[in-house]
Every structure is written in C-alpha cells, then in structure tokens.
Protein chains: 2
Amino acid sequence: MSKVICDITVSVDGYSAGHDQTEERPFGDDGGDGSGNRLHAWMFDTPDENRAEVDRMAAARAFIMGRNMFGPVRGAWDRPWNGWWGDDPPFHAPVFVLTHHAREPRSMDGGTTFHFVTDGITSALAQARAAAGGGDVAIQGGANTINQFLAAGLADELRLHVVPFTLGAGTRLFEGVPPLELEQVSSRSASLVTHVTYRVLSPR
Amino acid sequence: MSKVICDITVSVDGYSAGHDQTEERPFGDDGGDGSGNRLHAWMFDTPDENRAEVDRMAAARAFIMGRNMFGPVRGAWDRPWNGWWGDDPPFHAPVFVLTHHAREPRSMDGGTTFHFVTDGITSALAQARAAAGGGDVAIQGGANTINQFLAAGLADELRLHVVPFTLGAGTRLFEGVPPLELEQVSSRSASLVTHVTYRVLSPR
C-alpha cells in the first residue's frame, strides 16, 4: 500500500539543522568547520555501509520538502535557484516544494521536476499522491515540514537516521507536535549512524 | 578501566519523564493511564529480550541519582521515604542521592545503602568512585542529573534506551548541555526499545 514516509537525519538531541542556514551551509551551524555536511556524513563518507537506507529513501515516487530544504533564498524568487543538488538532483521524480511564493515548475535532468506549492501541506500531499501513481510519498524535511505532517496525522512511517553528536540548538524534530504513539519496525546501526524506522500509530 | 556511565530511558523526543511527578506517578505525565510505567515497559514487560542491558545497568559498583529519581518528597525530609523500590532495591551497592537537604545514610536489604550528598555532583562522584573500589559508577538519572554530568564533562559513556513514543513535554535529556561529540559503540533493537551506547568524546 502506498505510504507517506517522513525520512530525516537528526542529531542525538533531535535537531535536523543548526541555526543560520546560508548557501554555503545548507544545514546551518552544525558544529563543523563549514567544510562539510556533518549531519549527513554517514551518507557521503560511508555509502556502502548505508546503501540499503539510501536506496529505500530514493524509492519514493514523489517527494515533498520545505522551502529551507530546497534552498536559502527567502521571500520572492528574486534570484535563480534550483536546489542544492546541481543539474541532476537525486530524486528522479516530482518534488513538491512548500513555499508562500508562486513559481512555475522547473524540470531538471534525470526526471526530477520541482513543483512549487503555495496552498499548504494537504494540497502538497494530494498533488504528490497523484504524481506518485500508487507509489510512496516521502516527506524529505526539514524538521519543520515533517513536524507539520506529523501534527496533522498525515504520516504513516518515520525513518530516523540518528547521528552521534548533539547540536543543542536549531530546528528540532517533534517541536510543537502533539504526543505520538509509534511502533518500532526496525533498527540498525552502522558506524556513523543508527537507523530506526517507526510506524506512526497516532497523535494521541 | 573504571567508567562513569549515564544510563537512561528516554522517549523518541528525548524526555526521561513527563511533568507533574507524584508518588503514584514517578515519571509524571507519561501519556499513559497512570496504571503503569510506560517509559520502562521494555524492562518490565519484556525482561528476557532485554536481560543483557538490565544486567549491564546493574553491574555498576556505585550509583548516583537526583532527588526526583529517589522520590517525590521535596524540601526537608519531613516524612519517611526510602526510594520507590521497597525494602530490597535493585542496586545492591551504595547509591548517592543528590539533595539540598542533609540526611543520615540509610541501609536497605540486599546491600543497597542510600547516601545523601548536599555538596554537588563533583563531591558525589568522588564519593561514588571511592565506594566503587575500581568498578564503574552509574549515573542513573533523571535527565536533569545526567545533564549536569554531561555539561561538566564528567561522563565517559552514555547508554540510551529509546522508547517508541513522544512525550512533548517534561524533563529533557541534553537540555542546556553544550554540544557533545559522541562515538557510537553499539546499538540493538528489541521489540519495545532501541538501545544505543555512545562513548562521550567531549563537550566541544
């Protein structure tokens, strides 16, 4: 059955990004020296160890993301920006970007098309479901976006990739979300990350 | 080598207890119906599955805990209270209770003695180390107490038992602790909990 999956990497204390996102630092102040992406080091430094989780992530047939995950541009689309991922983004599927500012869809190489949704998460989900043609829809983050889907009771599954440091500040998963009942589906540890998958039973 | 180990059960969103602790609800509002201990259901409902982790917890030769973990009595010790655990507490070793109110040590059955420490965590740790005779010292919680040890750079290891629900409010692990560098040592999933052990490299 088609599922709505929230998939996100968080520090042990639950942050998916530090403060002060810039074009050079998509995840804000992550405590690193700015030269890399500490939160996602597990993906880039140890790809073989984590291939199953990355493949599972890529298997969704449509994606939804928040404006901050798409880019550092705020307000109107007053300069060119087509995501952090270059000409051939890793989604290879329709991606629905939540924004308050309308913009025409943008097709990229490899099958990714960015659609810009200005009327909220329910509309984005309806469009993503339709585009997924019976496949899964992945809510790719950031935490603010995932929190909205969790709070609205729209998520079926939560896949966490928990990395071994704390950030102490930033955008926190579960912030403002009513208490959730989950069911542990699986968990697996690699050298730089612990992967845990939960079924979302309900906000109670 | 003798280690200082922080061992604590937390909800997926990092809470070790809800608000409003009472004698009937040692962990405050944990979202349950008040009849049980949801956070620690993994320990009581599935002991066989989790025997290794419980044994490891009990292997420390001295324990430190905060006043709230010891009991609901606040202020002066103006009524009898010897912990939540009955006449034969599961520690079988010296337990150092952090409090602002002096009290004589209290010996229980089975080798547990509660000592009351009024001069802070460093003193408690010195006393616990001496009592442990070269064995490990376990900081048993709650989160406020563990946060103090983490912030002070006094913890060697952090053992988390992460349970599949969120609380949304209460006493949160890592609250007010400067960013920490950790190293994943092990992780294992049972049906009601994911156990993750980290080496604490440093507050940075």
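Against the definition (surrounded by 13 or more Cβ atoms within 10 Å (Cβ to Cβ) and in a strand (DSSP E or B)), how does residue B:73 come out, yes or no? No, not satisfied. When A:117, A:73 are screened for being β-branched (Val, Ile, Thr) and in contact with a strand residue (DSSP E or B) (Cβ under 7 Å, 6 or more places away or on another chain), only A:117 passes. Set side by side, the residues A:67, A:61, A:79 differ, and just one is without any contact (Cβ under 8 Å) to a residue 24 or more places away in the chain, basic (Lys, Arg) and either open to solvent by 10 Å² or more (accessible area, probe 1.4 Å) or in contact with a strand residue (DSSP E or B) (Cβ under 6 Å, 6 or more places away or on another chain) (or both), which is A:79.
Here region A:173-193 is the region considered, the condition is being more than 12 Å from residue B:12 (Cβ to Cβ) and outside any loop (DSSP other than H, G, I, E, B), and the residue that is farthest from the other protein chains (Cβ to nearest Cβ) is A:185. Yes or no: residue B:55 free of Cβ contacts under 8 Å to residues at least 24 places away in the same chain, open to solvent by 40 Å² or more (accessible area, probe 1.4 Å), among the acidic types (Asp, Glu) and not in a loop (DSSP other than H, G, I, E, B)? Taking the combined requirement at face value, the residue satisfies it. Inclusion of residue B:40 among residues that are touching a strand residue (DSSP E or B) at 6+ places or on another chain (Cβ under 9 Å) and in a loop (DSSP other than H, G, I, E, B) is not warranted. Taken over region B:194-204, the criterion of being within 8 Å of chain A (Cβ to nearest Cβ) and either in contact with an Asp or Glu (Cβ under 6 Å, 6 or more places away or on another chain) or in a loop (DSSP other than H, G, I, E, B) (or both) is satisfied by B:204 alone. Evaluated against (1) without any contact (Cβ under 8 Å) to a residue 40 or more places away in the chain; (2) assigned to a loop (DSSP other than H, G, I, E, B); (3) open to solvent by 30 Å² or more (accessible area, probe 1.4 Å), residue A:89 falls short on exactly one condition, (3). The numbered conditions (1) within 19 Å of the chain's Cα centre (by Cα); (2) of a type outside the set (Lys, Arg); (3) modelled with pLDDT under 95; (4) surrounded by fewer than 17 Cβ atoms within 10 Å (Cβ to Cβ) are all true for residue B:141 except (4). Of all residues being open to solvent by 30 Å² or more (accessible area, probe 1.4 Å), part of a loop (DSSP other than H, G, I, E, B) and over 24 Å from residue B:192 (Cα atoms) in region A:146-172, which is nearest to the other protein chains (Cβ to nearest Cβ)? Just the residue, please. If we take residues in region A:146-172 being open to solvent by 30 Å² or more (accessible area, probe 1.4 Å), part of a loop (DSSP other than H, G, I, E, B) and over 24 Å from residue B:192 (Cα atoms), then A:168 is nearest to the other protein chains (Cβ to nearest Cβ). Check region B:102-109 and report whether any residue there is under 18 Å from the mean Cα position of the chain (by Cα), among the hydroxyl-bearing types (Ser, Thr, Tyr), open to solvent by 20 Å² or more (accessible area, probe 1.4 Å) and more than 27 Å from residue B:28 (Cβ to Cβ). Scanning region B:102-109 turns up no residue that is under 18 Å from the mean Cα position of the chain (by Cα), among the hydroxyl-bearing types (Ser, Thr, Tyr), open to solvent by 20 Å² or more (accessible area, probe 1.4 Å) and more than 27 Å from residue B:28 (Cβ to Cβ). Could you check region A:102-145 and list, in sequence order, the residues that are in contact with a Ser or Thr (Cβ under 8 Å, 6 or more places away or on another chain) and assigned to a helix (DSSP H, G or I)? Matches in region A:102-145: A:121, A:129, A:132, A:143, A:144.
Scanning region A:59-73 for residues that are over 18 Å from residue A:26 (Cβ atoms) and touching a helix residue (DSSP H, G or I) at 6+ places or on another chain (Cβ under 6 Å) yields A:61, A:62. Evaluation of residue B:196 against the conditions (1) touching a Leu at 6+ places or on another chain (Cβ under 6 Å); (2) among the β-branched types (Val, Ile, Thr); (3) over 14 Å from residue A:162 (Cβ atoms) shows that the sole unmet condition is (3). Restricting attention to region A:1-37, the residues that are open to solvent by less than 40 Å² (accessible area, probe 1.4 Å), of a type in the set (Asp, Glu) and either without any contact (Cβ under 8 Å) to a residue 40 or more places away in the chain or not in a loop (DSSP other than H, G, I, E, B) (or both) total 1.
Before we move on, is residue A:124 within 14 Å of chain B (Cβ to nearest Cβ), of a type in the set (A, V, I, L, M, F, W, C), under 17 Å from the mean Cα position of the chain (by Cα) and more than 30 Å from residue B:159 (Cβ to Cβ)? Criteria not met by residue A:124.
The values are calculated or read from the model by the stated rules, or taken from the named source; none is laboratory data. Only a predicted model underlies this, so the values are computations on that prediction, with no experimental measurement involved. Glycine also receives a Cβ, built like all others from the backbone with ideal geometry; neighbour counts cover every protein chain displayed. All accessible areas refer to the heavy atoms of the entire protein, side chains included, with ligands and DNA or RNA removed. Shrake-Rupley method; radii C 1.70, N 1.55, O 1.52, S 1.80 Å.
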